[in-house]
Amino acid sequence: MSQYESSVKLIPYSQEKVYAKLEDLNNLEQIKGRIPEDKIKDFTYNRDEATVEIPKLGKVTIRVVEREEPKCIKFEAVGSPVPANLWIQVIPDGPEASKMRVVAKIEVNFMLRGMIEKPVKEGLEKIAEGLSQIQY
């Protein structure tokens, strides 16, 4: 498996507030309107999983597989063309601030690794950036 990481994002909210918002996928309602409709379709979610249809890729579901309160939420991709896992890590940065990083592990062969590295890293950066701008 290849591992990819976003840069660390500073968030002006406590680790507990950030974790509480991110661990329940029902809170995706707040960002639903920010996602361009040409990028994804049929966005549905509940507490433990979210499903989207991505043009050229198909329907993909991410499911929460582990919660380590208040520091990490682990997801797995279901219906993805390749096995993949995603983590959102949150660490304290003082009493009213935290740092967050998004990590993905994707199982791809050596030939594909070079082709997907840049888009995966860009995607992780966009996810991390979006998550860092939420009102927690």
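Go through (1) within 26 Å of Leu112 (Cβ to Cβ); (2) under 15 Å from the mean Cα position of the chain (by Cα) and name the single condition Glu53 misses.
The failed condition is (2).
Residues in segment 46-61 that are modelled with pLDDT of 95 or more and under 22 Å from Gln89 (Cβ atoms): how many?
3
Only residues that are modelled with pLDDT of 90 or more and either in a loop (DSSP other than H, G, I, E, B) or β-branched (Val, Ile, Thr) (or both): list them for segment 78-95, please.
Residues satisfying the conditions are Val78, Pro83, Ile88, Val90, Ile91, Asp93, Gly94, Pro95.
Name the pairs: first residue in segment 123-136 and touching a residue at least 24 places away in the same chain (Cβ under 8 Å), second residue surrounded by 15 or more Cβ atoms within 10 Å (Cβ to Cβ) and basic (Lys, Arg), Cβ to Cβ under 8 Å, at least 6 apart or on different chains?
Ala128/Lys9; Ala128/Arg101; Glu129/Lys9; Leu131/Lys9; Ser132/Lys9; Ile134/Lys21; Tyr136/Lys17; Tyr136/Lys21
Mind listing just one residue for me: the one in segment 101-136 that is in contact with a Leu (Cβ under 8 Å, 6 or more places away or on another chain), under 18 Å from Leu28 (Cα atoms) and among the aliphatic types (A, V, I, L, M) and, of those, surrounded by the most Cβ atoms within 10 Å (Cβ to Cβ)?
Per the stated criteria, the residue is Val102.
Mind listing whichever residues of segment 96-122 are touching a residue at least 24 places away in the same chain (Cβ under 8 Å) and part of a loop (DSSP other than H, G, I, E, B)?
Glu96, Ala97, Glu107, Val108 - these are the residues of segment 96-122 that are touching a residue at least 24 places away in the same chain (Cβ under 8 Å) and part of a loop (DSSP other than H, G, I, E, B).
The values are calculated or read from the model by the stated rules, or taken from the named source; none is laboratory data. Quantities reported herein were computed from a predicted structural model and do not represent experimental measurements. Cβ coordinates were reconstructed from backbone atoms using ideal geometry, including for glycine residues, and neighbour counts include every protein chain displayed.
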